[in-house]
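What follows is a short report on a single structure.
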Amino acid sequence: RLLILATYRPADAVVHCPALRQAIHELKARGLCEHFDLEFLTRRDVGTYVAARLGDADSEDVADRVFQRSGGNALFMVNVFDHLLQAHAIRKLNDGWVVDGADAALSQVPLGLRPFIQRRLDTLSAEERRTLEIASVVGVEFDAAALASGTSPADRGRDLERIEPILEALSAQSRLIEGHGVTEWPDGTLSARYRFRHALYREVLYQEIPEARRVRLHRRIGEQLRAAYGPEDASLAAVLAVHFENGRDAESAARYGRMAGERALGRHAYHEAARHLQRALDAFDQARSRPADGDPEDRVRWELEVCTALGTALIMTRGQSDPEVGKAHSRALSVLD
């Protein structure tokens with residue numbers, strides 16, 4: 001008797017070895033093989049690996065960061081950890097190991113993973129690549145209707161007929177994306193929902209889009225979502241603020257950034273509120289450098305109200321004496337002069 005135990009990546013087999021998948025199907029039909037999908041590593045698994053690499057000292061902070069960035073993918077875990085080491089972002093304190101300067105280090109795609117991800121992208125057809133590039137602009141999670149270029153139900157329906165089969169095939173073959181339910185748009189359009197199998201796939205695709213096209217895509221998607229859900233729908237404010245900020249529509253970015261910040265304040269999510277309100281002010285400053293439309297008094301009132309709201313959020317997160325609180329209040333006072 002002969003037992004063969006083997007591992008393989010389904011997405012690679014689809015492209016490089018279709019005969020393997022056919023053999024597995026035939027063996028399963030005859031009851032001669034069993035097929036198991038390996039699960040991602042748990043947070044505990046990642047903690048065990050990180051502790052083994054760093055020694056006996058407490059390494060929970062490092063393990064948390066590695067797990068969040070890798071998503072439990074073993075290959076990604078090793079490369080993310082090595083990347084943090086090479087970037088000198090892991091530092092030992094008296095009570096254990098911590099990640100120092102994590103935002104800068106973790107915002108980069110580890111060099112060891114780029115060839116692996118690029119090989120997967122190289123297997124895409126031109127149409128598949130264009131479709132996933134648009135998806136990367138939408139986000140880690142997306143639905144097919146958001147990728148459609150039209151804003152009317154008729155246009156969206158035609159685009160869905162073209163886009164959904166591409167996404168369905170990629171998902172069925174475990175190539176970069178996977179199914180994630182269904183979304184219903186306000187006009188009744190039902191659209192299949194997907195997500196990238198890992199955020200790093202999305203990031204590499206996004207980074208390779210030429211800047212001018214990326215700006216156009218963000219603006220187009222933002223305008224489409226605004227038209228579909230209505231300009232006053234606060235539930236999408238944070239998403240719209242990002243799209244219009246990256247689409248270089250400063251007026252819209254300021255408006256939806258404020259809306260997102262006020263919505264977060266209402267939920268007592270003060271850190272989130274401060275982040276949105278500060279970005280709204282930054283967008284407002286960009287818009288103010290251009291010829292302004294509308295009533296100047298409305299713009300003064302807008303700036304005053306956002307500065308006041310930002311000050312409130314900062315007081316709740318940093319305390320009354322924090323310099324950023326004083327900065328927000330000083331700006332509010334200067335608006336009144």
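The values are calculated or read from the model by the stated rules, or taken from the named source; none is laboratory data. What you are looking at is a predicted structure, and each value in this text was computed from that prediction instead of being measured. Every residue, glycine as well, gets a Cβ built from its backbone with ideal geometry; the counts of neighbours run over all protein chains shown. Side chains are part of the model used for accessible areas, which takes the heavy atoms of the whole protein and leaves out ligands, DNA and RNA. Shrake-Rupley method; radii C 1.70, N 1.55, O 1.52, S 1.80 Å.
The single condition among (1) open to solvent by 30 Å² or more (accessible area, probe 1.4 Å); (2) within 18 Å of the chain's Cα centre (by Cα); (3) of a type in the set (F, W, Y) that W97 does not meet is (2).
Selection over the range 1-32 of residues that are in a loop (DSSP other than H, G, I, E, B), closer than 29 Å to D122 by Cβ and open to solvent by 70 Å² or more (accessible area, probe 1.4 Å) gives a count of 4.
Scanning the range 311-325 for residues being surrounded by fewer than 18 Cβ atoms within 10 Å (Cβ to Cβ) and either in contact with an Asp or Glu (Cβ under 7 Å, 6 or more places away or on another chain) or assigned to a loop (DSSP other than H, G, I, E, B) (or both) gives a total of 5. For the range 33-47, the tally of residues that are assigned to a helix (DSSP H, G or I) and either buried (at least 18 other Cβ atoms within 10 Å of the Cβ) or aromatic (F, W, Y) (or both) stands at 2. Can you spot a residue in the range 48-55 that is assigned to a helix (DSSP H, G or I) and under 23 Å from the mean Cα position of the chain (by Cα)? So far as the range 48-55 goes, no, none of its residues is assigned to a helix (DSSP H, G or I) and under 23 Å from the mean Cα position of the chain (by Cα).
May I ask you to say which residue of R248, R202, R255 is under 30 Å from A105 (Cβ atoms) and surrounded by 19 or more Cβ atoms within 10 Å (Cβ to Cβ)?
Working: R248 fails: surrounded by 19 or more Cβ atoms within 10 Å (Cβ to Cβ); R255 fails: under 30 Å from A105 (Cβ atoms).
R202 is the lone residue from the list that is under 30 Å from A105 (Cβ atoms) and surrounded by 19 or more Cβ atoms within 10 Å (Cβ to Cβ).
If you go through the range 265-276 and keep only what is surrounded by fewer than 22 Cβ atoms within 10 Å (Cβ to Cβ) and part of a helix (DSSP H, G or I), you end up with L265, G266, Y270, H271, E272, R275. The single residue among R258, R279, R248 that is part of a loop (DSSP other than H, G, I, E, B) and modelled with pLDDT of 90 or more turns out to be R248.
Annotation note: Cβ proximity below 8 Å between a residue of the range 220-245 that is in contact (Cβ under 8 Å) with a residue 24 or more places away in the chain and on the phi < 0 side of the Ramachandran plot and a residue that is among the charged types (D, E, K, R) and outside any helix (DSSP H, G or I) (sequence gap 6+ or interchain) occurs for G222/D249; A228/D187.
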